[in-house]
Amino acid sequence: MELTITLEDAAKRAALFGSADRHLRLIRGALGVQISARDSTLKLSGHARAVGQAASVIEDLQRLLRDQDYLTDEQVSELILASQQNSMKAGNGDSIEVYTRTANIQPRTEGQRAYLEAIHENDLVFCVGPAGSGKTYLAVAMAISMLKAGRIHRVVLVRPAVEAGEKLGFLPGDMQAKVNPYLRPLFDAMYDMMPYEQVARFLGNDVIEIAPLAFMRGRTLNNAAVILDEAQNTTASQMLMFLTRLGHNSKMIITGDDSQIDLERPETSGMTDALRRLAGVQGIGIIRLSQEDIVRHRLVQDIVLAYGNGNPRPRVGGRPRE
């Protein structure tokens, strides 16, 4: 696996690398990765987990250099050890490792746990559930975790831009300004998982990409985690177009709430059509969350129940979980 990191401050390159590249040699020796530097970028290569650990160490070192002008060998060694310990914890438990060390992201219900298992086991996953059940938040967490571990090279966030159709031209601003309001829930999740400056940097170099659904036609997405949110508001033709964007070494996660279809003809929803057509297809995970999986304020469960969302059982691979 290879991963390229852009330095935050090229003027502090010498402090980051250490005397005679001593800090880079410490990372290389401890984690078994290859590191090459050119101008304001670092290229990491090696086993995916080791590359992810090295990237985590370098990000933390750059964070230290925001407030100081030098680094000690002890600081580098401590961060290497912390990265190794966090990686071991991530491999032995339910916690999802993201860039913010204080974040403790893990499934809180059996339905959410089944959702994460489906993402691990399948390249294409549908998750249907009510508001507050964690379907979008956990999808973003898994994508960020895969990015940090070096398993993918970028994250692509996609959403239908308006309730029924995609009339982006009527909105002010450039493309990012037009679509940002519709992607706000995805950004809110990301800000819980990495510093604001890092989100901005990843957006700037296309490690994280925002894309309205209408502009996905003709693309092939390799080495990426692709999230389609609010999928209940796609048409059948849009869903087919999106599904066929899946490329090599990629994960595609599709989330939606079939009780909140905003199309003029709800029966034409591309998500419900896809769930019907693809149920039981090997390699596709289908998870249905219920109000029991809602993890927001306790009143949200009562509200969803009062509005008659029902109580479907979690599903995997198109079949109810026992």
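Quick notes
- Taking the criterion of being among the polar types (S, T, N, Q) and assigned to a loop (DSSP other than H, G, I, E, B), the residues of segment 100-156 that qualify are THR100, THR102, ASN104, GLN106, THR109, ASN122, SER133.
- For segment 202-233, residues that are in a helix (DSSP H, G or I), within 19 Å of the chain's Cα centre (by Cα) and buried (at least 18 other Cβ atoms within 10 Å of the Cβ) total 3.
- Filter result (over 12 Å from THR235 (Cβ atoms) and among the charged types (D, E, K, R)) within segment 263-299: ARG276, ARG277, ARG288, GLU292, ASP293, ARG296, ARG298
- Subset of segment 234-251 [in a helix (DSSP H, G or I) and either in contact with a Pro (Cβ under 6 Å, 6 or more places away or on another chain) or surrounded by 16 or more Cβ atoms within 10 Å (Cβ to Cβ) (or both)]: GLN238, MET239, MET241, PHE242, LEU243
- Any chance GLU197 is modelled with pLDDT of 65 or more and either outside the structural domain of LEU221 (by TED's automatic domain parsing) or among the charged types (D, E, K, R) (or both): yes
- Those residues of segment 252-292 which are surrounded by fewer than 20 Cβ atoms within 10 Å (Cβ to Cβ), in a helix (DSSP H, G or I) and not β-branched (Val, Ile, Thr), in sequence order: PRO266, GLU267, ASP273, ARG276, ARG277, LEU278, GLU292
- Qualifying positions in segment 1-55 - touching a residue at least 24 places away in the same chain (Cβ under 8 Å), hydroxyl-bearing (Ser, Thr, Tyr) and within 18 Å of ILE80 (Cβ to Cβ): SER45
- For VAL295, the criteria (1) at pLDDT below 90; (2) exposed (fewer than 15 other Cβ atoms within 10 Å of the Cβ) hold in every case but one, which is (2).
- Search result, residues across segment 95-147 that are within 21 Å of VAL51 (Cα to Cα) and acidic (Asp, Glu): GLU97
- Residue match in segment 303-314 (condition: within 29 Å of ILE144 (Cβ to Cβ), buried (at least 19 other Cβ atoms within 10 Å of the Cβ), within 25 Å of the chain's Cα centre (by Cα) and at pLDDT 80 or above): no
The values are calculated or read from the model by the stated rules, or taken from the named source; none is laboratory data. Note that the coordinates shown come from a computational prediction; the quantities given were computed from them, not determined experimentally. Virtual Cβ from ideal backbone geometry, glycine too; neighbours counted across all protein chains shown.
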